[in-house]
Every structure is written in structure tokens, then in C-alpha cells.
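One structure is given below, encoded as C-alpha cells.
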Amino acid sequence: MKSTITLLFLALLGTSFGMTTSYPTKQISKYERVQQQTIALPTHFAKPFIIDQKDIALLAGKTIHHIELVYTKYAESASFDQRALNERRMAELKKVLPQINQDQPCWTGIEQTGATTRDIANGYFHGFVIHYGEKLNHTALAKFFSGLSREAKEYDVAISSGGTFSSESGSTIHVPSNAVTYKNGKAVSGSFTLFYTEFRDPAEIALSGLPMLYKGDNFSSIGMYELRGEKDGEELKLLKPITVDFNCTKVVGDASFFSMNDANGEWKKEFDLDFGTGKVCLSSEKISGMPMMNTAPIAANRETLMRSMNIQWEELNKKTTKASLDAGAWANYQRLGAENQPAGIISKDAVAQSFIIETKLKVEFQAGVFSQPVYAYAKDEFWGNVLTTSQPGTKSTSKLPNIPINSAGHVYPTLVTGLSSPKFGVYNCDQVYRLGEAAYLNPVYKNVNSGETIDDGFVACVIDLSKNGSFSFHPNNLTVSKKGRTAILLFTKEKEIYIIDEAAFSKVDLNSNQAVELAMKNVTTELQSPSDLKKMLNL
């Protein structure tokens, strides 16, 4: 049976269909379609837009991930407005394929520069190339990666009393009493299982399938966690917030706390993070006469509130970082003796109250600055000392670092206390950054051993090793940083796993607008968990 052909004539004059979304444009001599999972919808040069319904049928049950609009730069009239024509064609395509409005694919303009006459241009492809595949939302990816992702820690929680639970990372989870119910509102009795998972490095993030984009910008995580509750295999919902004292992966001055919408994977900013300003409970019996850097208070006879001290960080290059201290932190620093200077200092600017430090020693530098803290008891302030008896105003020479302390008694400069989680779901401590100079790649994947093309890709993970994140893409179209340190994982529909590591990817020509060839190593057997991937990435 012959395919039904729909002819759609584009009016070059008349109504203007504006595109509110900008899109990158590449220039190449002549477009050649070499990638799999694509549909070509030709418009022909200055001729009607023709769509084959047989091709459109291939999109049933699939997701449109990316669309390329291919045209020639050649124009017979100097007044010809190619951009306006492109926008009208894109608007008409949306009318013919309303699925585009639902899937919200990204767009790329492909401008062919090789044609210098009308006859040559007539031999070029003009039109749309649609890149399609399976759904790649966070729910689908979580299911796909289920055998590889990090396993959750399970805690048995008594309904009537709740409890406090510690993780191996130094984080602490506080569950209130009578905190859960079944989703239908029915009361839960006895106990329930709390599932707690942390994602702390690019390997764990990559194999979680969690999204790392926020309003068009990228996340660089300093730690994510997921909370779920079940009773006899049935999902529960929270009635009261669970509070987490979360041990982040590093101290930064511009991070915020985000919650993820389970339904659509979108992130909501809750508040800015503030390291080292939470409440710490002190025991006068424990701290009297004892050096506090290695000794943790564990009781609650006295509540001492830490005075706010903050450091703003600015990474200058891979080796050096600028640390700007606020008034509290600078006052603390000035109380340090010559023998107690923070680690990593390269230079100091007393006027600006800032330092240039070694990037690798950021945590040690902050811990050093905060080692002579300011405390407040009632309405009295004590600089560099702590209260050690039941009588207000009594001082000791013992020093307590201005670093939060978890319930297990360990000191962590990276701990952020009191993160409220009112719903079961995913929460993220993140910096938000713009990618900067980006490269838009159309890869063709080759098995480095056999030389064969890998044409059944399901998802590609772009791992940014200069940040702390991983970004999931349809394999045909990747966005990478030209200045970052990148590794790429490719997963096929049959769950074969391939990798191009940082060293190999650094040799790829990111300025090429043609389809680039990526030589991938099959690591299906070796990669069974995030720890395996971490070793492969040299993390």
C-alpha cells in the first residue's frame, strides 16, 4: 500500500509565526544524515513542505528529543529573510506535529554553506530531521538504572517514637513520632521502613538518572539525598517533616537547598545554605579542660548558638581559589596565632579581608579559620572560649571549632543542619552555574575494539568532572563544555555499557560541526555499581 502523503504549503507572506525559543545554529558545507533513530521531513529548496505519514507513524509511543532544521545559506535575493522563513516552518511543523508541544525538544539550525547556485542548492537536503527515542525522564531513567544505582540504606522506624539515625557519610536523619500514613490517609501502626540514599559524586549521580538542570542552568551538586517510606511494600506519605543534618561534599558560599517534584522532575529552590550557623548542644561535663577539635559534646545541658561566619569562594583556576571572609570570619581569623594559621594560604589581602589559597585545601582552610569561634550564651558574648560549668559567665581555655557536630559525635566542617524534608522525595544541595562556552555534538559511536557502529543507543550521560554532576541526553545530541573535563557513558537499549574517558574525549574536535566519531570501550562486565564507575573515572 502506498504511503499517504500530506502536502503542507508554507505561505511565505502573510501571518508571521514567531518562535520565542532561541536555538544554536551550526554551519557546515553540506548536511549528510548519518545517525540512527531519525526521521527526515524534507521541505525542498523554496518548495512546499512534504510530510510522509509513514514516517510520522514511527513517532507513536516515542519521545521527540531533538529537531534539526536544515537549510542553505544561499539566497537569490539580498532581502530574503531566512530566519523568518525558518520560524514560520517551525511553527507550521508544530501544527502538523502537536507532539512537539508536549515533548518540548531542543532545536538546532543547520546552515549549509556549500551551495553557490540554485541548481546546486536544489540537490541539497532541506527540511527537518527529527531525533526520537524512548522517554528519558527521571522516572524512566531510575527504572533503567535500577540494577546499577546506589542501594538505599534501610532503617526500621517505630511509628510512636520516631528516631534519629546516622549514615556512614556523617549525615543524621531525624524522624518525628507519628510521622507517616498510608497514601489513602489510613493510620500506620507498629513500624515502617525508611529508605535513605545519598548521591555524593558524579558516578552516583550518573547512575541515579536524576535531572541536574534548574531553569536552563546546570547543577554542581554538593550532595543529594532521597527519602522514601514503606510499610509491607506499600508506599507511605509524610505527615510531619523529616529533618536531615546533611554532610555536604564540600563547603561553598553560594549553594542552595532544592526539592524535586516527583511528578515532573523539576527542582524548586527552598533556601540558601549557610554552613556552620546551626545549633550545637554542649555538655559542661564533657568539655571542661579538654581540647575540642577532637572531642565532641554529646549532651544538652547548655545550648550554645554559633555566631554566623561565612566565606565566599571564587575559583580562579584549577589550582587556586579566592576566599573572601565576612566580618565574623575575619574576626575569628585575627585571633589565630602564628602557629595556628589555616592551611593552604598563598597570599593575604588584609584590606579586602581575602586570601588566595590552594583549591585542594579549601576544607582545611575553612576549618582553620573557624577554629577560634565566637559563642553566645544568654546575652553575653565570649570570644574564643566556651562555657564549661553550670554558672553563666564561667570561662575555660578549651576551644571548640565553629564546625557543626552530628549526633554520633563527629566534627564535620561540611555539615548543614536542619534541612527540612516535608515530603518523601529527592533533595539537593547545589550550586547553580551556566555552562559557558558549549559544544553541541552529533556523535556517531564506534566500538573501539570491533570498529562497528553502535546504533541502538538508549541514553548518554555527559559527566562533567570539573564540577559534580552528570547530564542525561538522547545519544544523538550532546551538549558539553568546551573548557570542562568530560567523560561520556553510552547505554544501549539492551543495557550494554560503553565509555569514553576523559583522556580520550580530550582529543575530540569540539569545534567540528560535522557528526563526530566517538571511540567507545565496552565496560558492561566491569561496571556493576557506582563504585566501579568511580574507579573508571579516577574519582
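Restricted to Cα atoms, segment 402-539 shows a radius of gyration and a Dmax of 18.4, 58 angstrom. On a 22 Å Cα-Cα criterion, which of the cross-link pairs Lys153/Lys231; Lys348/Lys467; Lys268/Lys322; Lys30/Lys73 come out too long? Table pairs above 22 Å Cα-Cα are Lys348/Lys467; Lys268/Lys322.
Which one, Gly469, Val480, Leu419, projects farthest toward the positive side of the charge dipole computed for segment 408-522 from Cβ point charges (K/R +1, D/E -1)? Highest projection toward the positive end goes to Leu419.
Hey, could you get me the Stokes-Einstein D for segment 181-249, Kirkwood radius over alpha-carbon pairs, 4 °C and 1.567 mPa s, rounded to whole µm² s⁻¹?
It diffuses with D of about 90 µm²/s by this estimate.
Taking only the C-alpha atoms of segment 99-186, Rg followed by Dmax gives 26.8, 81 Å. Each residue of segment 130-143 was assigned a 3J(HN,Hα) from its phi angle through the Karplus curve 6.51 cos²θ - 1.76 cosθ + 1.60 (θ = phi - 60°); the sequence is 9, 9, 10, x, 6, 5, 10, 6, 5, 5, 5, 5, 4, 5 Hz, with glycine and proline shown as x.
Report the local net charge at Pro202: Lys and Arg +1, Asp and Glu -1, summed over other residues whose C-beta lies under 14 Å from its C-beta. So the surrounding residues net to -1.
The magnitude of the dipole of segment 71-112, with charges of +1 and -1 set on the Cβ of Lys/Arg and Asp/Glu and taken from the Cα centre, is near 80 debye. In order along segment 505-517, phi translates into HN-Hα couplings of 5, 4, 8, 6, 6, 7, 8, 6, 8, 7, 5, 8, 9 Hz, rounded to whole numbers, per the Karplus curve 6.51 cos²θ - 1.76 cosθ + 1.60 with θ = phi - 60° and x for Gly and Pro. In this Cβ point-charge picture (+1 for Lys and Arg, -1 for Asp and Glu), segment 110-183 has a dipole of about 180 debye about its Cα centre. Relative to the Cα centre, the charge distribution of segment 411-510, modelled as +1 at Lys and Arg Cβ and -1 at Asp and Glu Cβ, gives a dipole magnitude of about 380 debye. The trypsin sites (Lys or Arg not before Pro) of segment 48-95 that meet both conditions, a loop assignment by DSSP and at most 14 other Cβ atoms within 10 Å of the site Cβ, are Lys73.
Loop only by DSSP, 14 or fewer other Cβ within 10 Å of the Cβ. Give me the GluC sites (Glu not before Pro) in segment 59-117 that pass, ordered by residue number. Could the numbers behind the result be given before it?
On the way: sites: Glu68, Glu76, Glu87, Glu92, Glu111; in loops: Glu76.
Filter output for segment 59-117: Glu76.
Of Val70, Val96, the order by accessible heavy-atom surface (1.4 Å probe, DNA, RNA and ligands excluded), from most exposed downward, is Val96, Val70.
As a rough guide to protection, the peptides 201-211, 345-355, 238-248 ranked by mean Cβ packing within 10 Å, highest first, stand as 201-211, 238-248, 345-355. Heavy-atom accessible area, probed at 1.4 angstrom with all protein chains present, ranks His65, His474 as His65, His474, highest first.
What whole-number value in Å² describes the accessible area per residue of segment 90-145 for a 1.4 Å probe?
43
Qualifying GluC sites (Glu not before Pro) in segment 428-530, where qualification requires a DSSP coil assignment and no more than 13 other C-beta atoms within 10 Å, comprise Glu437, Glu452, Glu494, Glu526.
The values are calculated or read from the model by the stated rules, or taken from the named source; none is laboratory data. Since the model is a prediction, treat every value here as computed from it, not as a measurement. Backbone-built Cβ (ideal geometry, glycine too); neighbour counts: all protein chains shown. What goes into the accessible areas is simple: the full protein's heavy atoms, side chains included, and nothing from ligands, DNA or RNA. Shrake-Rupley method; radii C 1.70, N 1.55, O 1.52, S 1.80 Å.
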